[in-house]
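Down below is the structure, laid out as structure tokens.
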Amino acid sequence: MQLGMGSALETLCGQAVGAGQLQMLGVYMQRSWIICLATSIVLLPLYIFTSPILRLLRQSADISAVSGRYARWCVPQLFAYAVNFPMQKFYQAQSRVWVMTAISGAVLAVHALLNWLVVARLGRGLVGAAVVGDVSWWLVNVAQFVYLVGGSFPGAWTGFSRKAFASLGGFVRLSIASAVMLWFVYTPSSFSFLIEFTNHCIREYILLIDIYNMAQPRDVVLYGSAYSGGMPEEPRDSS
């Protein structure tokens with residue numbers, strides 16, 4: 001969801017670059033930060049109450065407890081996504097993908113080392129893995145932000161601005177539309193599976209009706225079978 005909402009920047013940043021209004025890139029990114037951080041607060045209960053939610057979905061008590069504990073320790077990652085995704089679009093709009101690649105590669109090495117130390121050597125398990133993930137995500141954010149404010153984008157970043165709080169309504173609508181669009185892009189396989197599974201169930205149901213019909217006298221045939229040649233005849237009056 002947050003990746004989709006952050007993707008709204010792709011359109012706006014592209015337009016700003018094309019129009020030569022580089023100063024708006026920083027404003028757009030700040031607006032996206034506000035919206036994504038607000039979305040993180042809305043999604044926060046899902047992380048905090050993961051255990052009871054899974055129990056309501058009839059998951060086992062053990063799985064629900066472990067998943068809930070892991071999700072609570074992943075809360076810092078939720079807010080890290082809100083900061084990271086808009087910065088990604090800001091960098092991409094100015095063809096600084098190589099910077100993100102270098103930062104991600106360096107953090108990946110640190111992430112692997114921390115996982116080995118915390119999970120393998122210290123035996124902290126899932127909680128340790130969650131904490132390492134939190135640290136790694138925020139390392140990426142800190143490194144990208146330091147590069148951002150370090151003078152590498154003199155035209156696009158002029159500091160924090162009150163303009164970020166203007167026209168938030170339209171930006172929210174664009175962000176939601178972008179999130180919905182991305183959701184449909186990433187989930188067609190899920191819909192295809194659901195449709196195919198539903199069709200399979202319908203075919204099996206109809207087949208069972210046909211089998212039942214063949215085993216019954218002619219005046220007890222069920223209505224509605226697609227494979228029995230249409231609607232059965234009305235039973236004739238023996239008199």
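Considering only Ala109, Trp98, Val75, whose Cα is most displaced toward the positive end of the charge dipole of the stretch 2-186, charges sitting on Cβ of Lys, Arg (+1) and Asp, Glu (-1)?
The listed residue farthest towards the positive side: Val75.
How would Val140, Val75 line up from fewest to most surrounding beta-carbon atoms within 10 angstrom? All intermediate terms of the calculation are to be shown ahead of the outcome.
Working: Val140 23, Val75 16.
Exposure proxy ranking, most exposed first: Val75, Val140.
If r is the Cβ-Cβ distance from Arg162 to Arg72 and R0 is 45 Å, what FRET efficiency results, to the nearest 0.05?
It comes out at approximately 0.80.
So, in Å, what gap is there between the alpha-carbon centers of the stretch 101-151 and the stretch 18-78?
18
Decide, for the stretch 2-186, between rounded, prolate and oblate: order the square roots of the alpha carbon gyration tensor eigenvalues as a ≥ b ≥ c, take rounded if a/c falls under 1.5, and otherwise choose prolate if a/b is larger than b/c, else oblate. Let's see the in-between values first.
Details: a/c = 2.63, a/b = 1.49, b/c = 1.77.
Here the stretch 2-186 falls in the oblate category.
Just so you know, all these numbers are worked out from the coordinates, no wet-lab data involved. A quick note: this is a predicted structure, and the numbers were derived from the prediction, not measured. For neighbour counting, all protein chains shown are included, and Cβ atoms are generated from backbone atoms with ideal geometry for every residue, glycine included.
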